[in-house]
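*Asks:* My questions all concern the structure below.
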Amino acid sequence: PKEGMLYTFLKRPTKENGHYNFPVMRSYINEIDQETDATYPIITPSNAWNFVKQNKVALVSVQSENSSSLMPYIPVQIEEVFINKIYLAYYEGYSKQDYLQPVYVFDGAYTTSGTAGGSVTFYYPAIDPAFIKAAD
């Protein structure tokens with residue numbers, strides 16, 4: 001959720017060489033085939049919220065208040081989550097996809113004992129489950 005269609009990052013310098021490694025760059029271009037487009041009904045945000053309350057969502061980002069994307073991830077025990085923003089987006093993974101899947105994105109903050117807390121993001125599929133084919 002924190003990466004776009006084109007992004008670049010540098011790795012932290014190591015003690016051995018003291019300088020940054022070569023940058024990693026990725027870009028994705030997907031064209032829409034107008035002959036194969038389709039529309040499907042989506043669930044309501046309140047239905048998606050019910051799945052959030054049941055902990056049936058994908059946790060896609062946890063970032064501590066005092067960390068950055070260049071720092072190693074340190075696991076935390078999330079105690080409470082406060083959702084500040086809900087919006088509809090399209091999921092796009094790293095591998096080529098035939099279709100873009102709409103998802104509800106739940107952005108918020110978490111708290112936990114002994115730390116300042118941080119930000120958290122969840123995804124839940126927006127398409128009505130009746131229209132989703134099970135994976136083979």
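The values are calculated or read from the model by the stated rules, or taken from the named source; none is laboratory data. Here the structure is a predicted model, which is why all the values come from computation and not from measurement. Virtual Cβ from ideal backbone geometry, glycine too; neighbours counted across all protein chains shown. Calculation scope for accessible area: heavy atoms of the full protein, side chains included, ligands and nucleic acids excluded. Shrake-Rupley method; radii C 1.70, N 1.55, O 1.52, S 1.80 Å.
*Asks:* Of all the residues that make up the stretch 51-87, how many are within 13 Å of Phe122 (Cβ to Cβ), open to solvent by 90 Å² or more (accessible area, probe 1.4 Å), over 15 Å from the mean Cα position of the chain (by Cα) and not charged (D, E, K, R)? It would help to see each step written out before you state the result.
*Replies:* Filtering the stretch 51-87 down to residues within 13 Å of Phe122 (Cβ to Cβ) leaves 51-62, 78, 81-87.
Checking which are open to solvent by 90 Å² or more (accessible area, probe 1.4 Å) leaves us with 53-56, 59, 82, 84-85.
The next check asks that each one be over 15 Å from the mean Cα position of the chain (by Cα); those that pass are 53-55, 82, 84.
If we keep only those that are not charged (D, E, K, R) too, we end up with 54-55, 82, 84.
Residues that pass the stated criteria total 4.
*Asks:* Do we find that Tyr99 is part of a loop (DSSP other than H, G, I, E, B), open to solvent by 30 Å² or more (accessible area, probe 1.4 Å) and either touching a residue at least 12 places away in the same chain (Cβ under 8 Å) or closer than 30 Å to Ile29 by Cβ (or both) in this structure?
*Replies:* Values: part of a loop (DSSP other than H, G, I, E, B): yes; open to solvent by 30 Å² or more (accessible area, probe 1.4 Å): yes; either touching a residue at least 12 places away in the same chain (Cβ under 8 Å) or closer than 30 Å to Ile29 by Cβ (or both): yes.
When the stated conditions are applied, Tyr99 passes them.
*Asks:* Scan the stretch 110-136 for residues that are at negative phi, surrounded by fewer than 17 Cβ atoms within 10 Å (Cβ to Cβ) and assigned to a loop (DSSP other than H, G, I, E, B) and jot them down.
*Replies:* Answer for the stretch 110-136, where residues must be at negative phi, surrounded by fewer than 17 Cβ atoms within 10 Å (Cβ to Cβ) and assigned to a loop (DSSP other than H, G, I, E, B): Thr112, Ser113, Thr115, Ala116, Asp128, Ile132, Lys133, Ala134, Ala135, Asp136.
*Asks:* Follow-up. Of Asp33, Asp107, which residue is outside any strand (DSSP E or B), open to solvent by less than 100 Å² (accessible area, probe 1.4 Å) and charged (D, E, K, R)?
*Replies:* The unique qualifying residue is Asp33.
*Asks:* Suppose we filter Tyr104, Tyr90, Tyr40 for residues that are modelled with pLDDT of 90 or more, under 13 Å from Pro125 (Cβ atoms), out of contact with any His (no Cβ under 9 Å at 6 or more places or on another chain) and not hydrophobic (A, V, I, L, M, F, W, C); which single one remains? Can you show your working first?
*Replies:* On the way: Tyr90 fails: modelled with pLDDT of 90 or more; Tyr40 fails: modelled with pLDDT of 90 or more.
Checking each option against the conditions leaves just Tyr104.
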